Amino acid sequence: MEAMSEPLSTPPSQDTGPGTSVLERPDTREQSAEPGDHERFAHYVRKEKIMQSAMSGKPVIALCGKVWVPGRDPSKFPVCPVCKEIYDGLRAPQDGDGDSTT
């Protein structure tokens, strides 16, 4: 009788023990600025959204897509270039609402 090979053997490079693995996914979002740059800018948000946030404490979404709870003086920071392009009509809004107003 012939010896059979092991058809279900695992290649030595694979870990067969219990544990956690990471599935890496490429970031497909367009980055117009360095990571963290959103924190250095004042962003455009629709006026009614700012009022709702002030009353509820819920985050707002800037025209560029940044999500945060407003709490600092925007006049102390330069305007976000992406928000400005959207406000000026050069880009489509990324805040989930239709046309950009204020």
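The values are calculated or read from the model by the stated rules, or taken from the named source; none is laboratory data. Here the structure is a predicted model, which is why all the values come from computation and not from measurement. So basically every Cβ, Gly included, is an ideal-geometry build from the backbone, and we count neighbours across all protein chains shown.
Enumerate the pairs (first residue in the stretch 52-65 and on the phi > 0 side of the Ramachandran plot; second residue anywhere and buried (at least 16 other Cβ atoms within 10 Å of the Cβ)) with beta-carbon separation below 7 Å, excluding pairs fewer than 6 apart on the same chain, so at least 6 apart or on different chains.
From residues that are on the phi > 0 side of the Ramachandran plot, the pairs are G65/Q94; G65/D95.
Can you tell me which residues in the stretch 52-94 are within 16 Å of R40 (Cβ to Cβ) and surrounded by fewer than 10 Cβ atoms within 10 Å (Cβ to Cβ)?
Across the stretch 52-94, the qualifying residues are G71, D73, S75, K76.
Could you go through the stretch 14-36 and let me know if any residue there is at pLDDT 60 or above, of a type outside the set (G, A, S), in contact with a Cys (Cβ under 9 Å, 6 or more places away or on another chain) and in a loop (DSSP other than H, G, I, E, B). Spell out how you get there, then give the answer.
Of the stretch 14-36, the ones at pLDDT 60 or above are 18-26.
From what's left, of a type outside the set (G, A, S): 18, 20, 22-26.
Applying the additional criterion that residues be in contact with a Cys (Cβ under 9 Å, 6 or more places away or on another chain) yields none.
Scanning the stretch 14-36, I find no residue that is at pLDDT 60 or above, of a type outside the set (G, A, S), in contact with a Cys (Cβ under 9 Å, 6 or more places away or on another chain) and in a loop (DSSP other than H, G, I, E, B), so the answer is no.
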